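Note sheet for the following structure.
The values are calculated or read from the model by the stated rules, or taken from the named source; none is laboratory data. Since we're looking at a predicted model, the values are computed, not measured. No Cβ is skipped: glycine too gets one built from the backbone with ideal geometry, and neighbour counts run over all protein chains shown. Quick note on the areas: whole protein, heavy atoms, side chains included, nothing else; ligands and nucleic acids left out. Shrake-Rupley method; radii C 1.70, N 1.55, O 1.52, S 1.80 Å.
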Amino acid sequence: MDSHAKIVRTRHSAPSTIVIKLGTSSIVHETTHQPLLSTLSSVVEVVVHLRLQGHKVVLVSSGAIGVGLQRMALPSKPKSLSGKQALAAIGQGRLIALWDNLFGQLGQPIAQVLLTRGDISDRTRYLNAVNTFKELLSMGVVPIVNENDTVSVSEIKFGDNDTLSAITSSMIHADYLFLLTDVDGLYTSNPRKDPSARLIEVVSSTAAIRAEVSTATLGSSLGTGGMETKLIAAEIATAAGVTTVITSSKYPKKIFDIIEYHTPTPSKPGSSTPVETLPRPSTPSRPNLRPAHTLFKPSPTPLRDLKSWTSHTLSPAGGIVIDPGAHSVLARRDSGGRLLAAGVLAVRGAFASGQAVRVLVRRGAEGSAASAAPALSRAGSSWELDGLEEHSPPVDGDTAVFETQAVDESDAWEVEEVGRGLASYNSAQIAKVKGLNSSYLPQLLGYADSEYVVENITIRVSP
């Protein structure tokens, strides 16, 4: 029986949305820069068979600069940004033509999608990109995604395609993200240098696993990633509810085995035996059942779309220092992710309303709220402010963002980022109302579009 028949016959998993990320070292040879046609052809075959089984597939492909090097017969990447961007422009056309040729042999249409962080930092453009992905997938097309290196600068770069693949997975609500690399999973240390390195099969917490592994692998001379970037990608994807897998690019057909291994086996009709849960243990009759890979379990309570976009897609413009009490409240799932002015101790940086901000807590700040906020007294069911100036001029719109602010002792505080959110007001306005009850916002600002100063907050570090 040939491999084609074997692949089609043995897989019966429900249709899923799958993102496959292929790094530069898996696409072009590190020294000759020639395309690795055997690997690429195998990936194409796997993607086409996944499509035949009803799955929707997105391919995130690096390699534009590597292909550009081969075209221009250059020995290594230039150090200048403009040189890299020029090579990316040369290589990207040839790279997508290569993919189109290979997929075309099997009659599979593809589409090129080039993104930068700037493209999706605007909510409208982000939603447009999401809708484009959905339309392409509904048409039976395989989108091939890469960062638009020709126009990217450091401020709007994803940094590596591991991160790009994770954000893409979040955008399209993928079921699986496969990070194909030159090793077959996450090890406790570099398996090439340490013979005692142990493969970690399942990761429930990305934060907890960092203490157990060494991620000091820098990737190839052509790529930008390494194992650390894959952990970051896994953290982003699993937070959005995406099962993430690190496995070897040498054997792309293992993707079928991995999906089958982690697909629950339904019970027989009329049986009271519950559905089998992952991972399925090996049995004497089925030795070596588990293909080599590391699986990162998705969060049981994934971030909704807007929070995921705020937390991982936007580059924060400033920060809000909150008191420990507000941190404890926001860390609860039922908090709604909204911050009142009363919980704000200080404002860091200048930002406009609608921009992403870091949510910060002061290290060792137990009881520090009282010294940072104006005096508040409780009378009945309402808050009263002692010594409020009745004629405080309102802070107008976003024009006050760039006003010079007086030096504040809070600038010397040692703070830790615990989450991110979207500012409902600009930095000057929030500084004006910090520590106060929300009922004073109209009087101090001249208006109050929201009683919350920051919304859609995602807390990533619990108190």
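Take residue 111 and decide whether it is within 29 Å of residue 37 (Cα to Cα), open to solvent by 10 Å² or more (accessible area, probe 1.4 Å), in contact with a helix residue (DSSP H, G or I) (Cβ under 8 Å, 6 or more places away or on another chain) and among the small types (Gly, Ala, Ser). The answer is yes for residue 111.
Table: residues versus (1) surrounded by fewer than 22 Cβ atoms within 10 Å (Cβ to Cβ); (2) within 18 Å of residue 256 (Cβ to Cβ).
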{"position": "27", "(1), (2)": "no, no"}
{"position": "34", "(1), (2)": "yes, no"}
{"position": "63", "(1), (2)": "no, no"}
{"position": "80", "(1), (2)": "yes, no"}
{"position": "94", "(1), (2)": "yes, no"}
{"position": "106", "(1), (2)": "yes, yes"}
{"position": "118", "(1), (2)": "yes, no"}
{"position": "124", "(1), (2)": "yes, no"}
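For residues in the stretch 408-460 being in a loop (DSSP other than H, G, I, E, B) and basic (Lys, Arg), which is surrounded by the fewest Cβ atoms within 10 Å (Cβ to Cβ)? Of everything passing the filter in the stretch 408-460, 460 is surrounded by the fewest Cβ atoms within 10 Å (Cβ to Cβ). In the set (1) at negative phi; (2) crowded, with 20+ Cβ neighbours inside 10 Å, the condition left unmet by residue 52 is number (2).
Among the residues of the stretch 109-131, those that are part of a helix (DSSP H, G or I) and of a type outside the set (Val, Ile, Thr) comprise 117, 118, 119, 121, 123, 125, 126, 127, 128, 129, 131.
Being open to solvent by 40 Å² or more (accessible area, probe 1.4 Å) and on the phi > 0 side of the Ramachandran plot is the filter here; which residues of the stretch 314-365 pass it? 349, 354, 364, listed by residue number. Pairing each residue of the stretch 297-319 that is closer than 16 Å to residue 335 by Cα with any residue that is part of a helix (DSSP H, G or I) and modelled with pLDDT under 70, provided the two are 6+ apart or on different chains, yields C-beta distances under 8 Å for 302/308; 303/311.
When residue 93 is tested against the conditions (1) outside any strand (DSSP E or B); (2) touching a residue at least 12 places away in the same chain (Cβ under 8 Å), the lone failure is (2). The residues listed here are 344, 407, 401, 395; of these, the one that is modelled with pLDDT of 50 or more and β-branched (Val, Ile, Thr) is 344. Please go through the stretch 137-174 and pick out each residue that is at pLDDT 95 or above and open to solvent by 30 Å² or more (accessible area, probe 1.4 Å). Once the filter is applied, which keeps residues that are at pLDDT 95 or above and open to solvent by 30 Å² or more (accessible area, probe 1.4 Å), the stretch 137-174 yields 138, 139. Annotation: of all residues in the stretch 188-203 being hydrophobic (A, V, I, L, M, F, W, C) and touching a residue at least 60 places away in the same chain (Cβ under 8 Å), the one that is farthest from residue 233 (Cα to Cα) is 199. Inclusion of residue 215 among residues that are at pLDDT 85 or above, on the phi < 0 side of the Ramachandran plot and either under 21 Å from the mean Cα position of the chain (by Cα) or not in a loop (DSSP other than H, G, I, E, B) (or both) is not warranted. In the stretch 226-260, the qualifying residues are those that are within 26 Å of residue 35 (Cβ to Cβ) and of a type in the set (S, T, N, Q), and the one that is surrounded by the most Cβ atoms within 10 Å (Cβ to Cβ) is 249. With respect to the conditions (1) under 30 Å from residue 131 (Cβ atoms); (2) at pLDDT 90 or above; (3) not aliphatic (A, V, I, L, M), residue 201 lacks only one, and its number is (1). Answer yes if at least one residue in the stretch 14-25 is in contact with an Asp or Glu (Cβ under 6 Å, 6 or more places away or on another chain) and part of a loop (DSSP other than H, G, I, E, B), and no otherwise. Within the stretch 14-25, one or more residues are in contact with an Asp or Glu (Cβ under 6 Å, 6 or more places away or on another chain) and part of a loop (DSSP other than H, G, I, E, B). Screening residue 76 against (1) in a loop (DSSP other than H, G, I, E, B); (2) surrounded by 14 or more Cβ atoms within 10 Å (Cβ to Cβ); (3) in contact (Cβ under 8 Å) with a residue 60 or more places away in the chain leaves a single unmet condition, (2). Reported count of residues in the stretch 266-302, each being assigned to a loop (DSSP other than H, G, I, E, B), surrounded by fewer than 12 Cβ atoms within 10 Å (Cβ to Cβ) and either at pLDDT 80 or above or among the polar types (S, T, N, Q) (or both), is 8.
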